[in-house]
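Below is one structure, written out as structure tokens, with a few remarks after it.
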Amino acid sequence: MRLLHSVAFLFCLLVVGCSQPSRTIRRESGVLLLDNRGGFSHAGRRIALRTDGSYTDTTYTDVIGDEHTKRGRYTLNPERTHLILSPQNDEAQDLFRVDYGGQQYWVREADRERITQSSESWLRQISVRVVP
């Protein structure tokens, strides 16, 4: 019986030690939360738009401490299809909403048509999308 407990304990340690750390997506109070759920196979990006017109744009990976956040102001058109991120001390970035496969992706102008092509699964994986 003691051997069985030891084997079970070692098995649990092995499972916990080998499992990928889970990234908890924090719900932030905002108008819109976008994330590409990256970190392991590709760099992660999370954009939280707040009701006061400010936003945070956080890039991350699965490496502890490798998280960088930019802050700024944003503009979202009334149709919610064009987003302009204006970071402090940096150049503005335009993102456009593309609805495809039941998801809302936010991409650069140049990727609007490309993301809807069936061969572009990698682009869809790395692009930020609305977090339900």
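The values are calculated or read from the model by the stated rules, or taken from the named source; none is laboratory data. Just so we're clear, the structure is a prediction, and the values are computed from it rather than from any experiment. All Cβ positions, glycine included, derive from the backbone under ideal geometry; neighbour counts span all protein chains shown. Keep in mind that these areas ignore ligands, DNA and RNA; they rest on the heavy atoms of the full protein, side chains included. Shrake-Rupley method; radii C 1.70, N 1.55, O 1.52, S 1.80 Å.
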For strands (runs of 3 or more DSSP E) lying entirely in region 62-132, having 3 or more residues that are open to solvent by less than 80 Å² (accessible area, probe 1.4 Å) and without any contact (Cβ under 8 Å) to a residue 12 or more places away in the chain picks out none
All-but-one check, TYR55 against (1) in contact with a Phe, Trp or Tyr (Cβ under 8 Å, 6 or more places away or on another chain); (2) over 14 Å from LEU34 (Cα atoms); (3) not in a loop (DSSP other than H, G, I, E, B), failing number (2)
Picked from region 43-52 (must be within 14 Å of HIS68 (Cα to Cα) and not in a loop (DSSP other than H, G, I, E, B)), the residue most open to solvent (accessible area, probe 1.4 Å) is ARG45
* Asked: Does GLN20 meet the test of being open to solvent by 30 Å² or more (accessible area, probe 1.4 Å) and modelled with pLDDT of 75 or more?
  -> no
Screening VAL130, VAL107 for residues that are within 22 Å of VAL31 (Cβ to Cβ), at pLDDT below 95 and not hydroxyl-bearing (Ser, Thr, Tyr) leaves only VAL130
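Among the residues of region 31-42, is there at least one that is farther than 17 Å from SER127 by Cα, open to solvent by 20 Å² or more (accessible area, probe 1.4 Å) and modelled with pLDDT under 95? Spell out the reasoning first.
Taking region 31-42 first, the residues farther than 17 Å from SER127 by Cα are 31.
Right, trim to open to solvent by 20 Å² or more (accessible area, probe 1.4 Å) and you get 31.
Subsequent filtering for residues that are modelled with pLDDT under 95 retains 31.
Scanning region 31-42 turns up at least one residue that is farther than 17 Å from SER127 by Cα, open to solvent by 20 Å² or more (accessible area, probe 1.4 Å) and modelled with pLDDT under 95.
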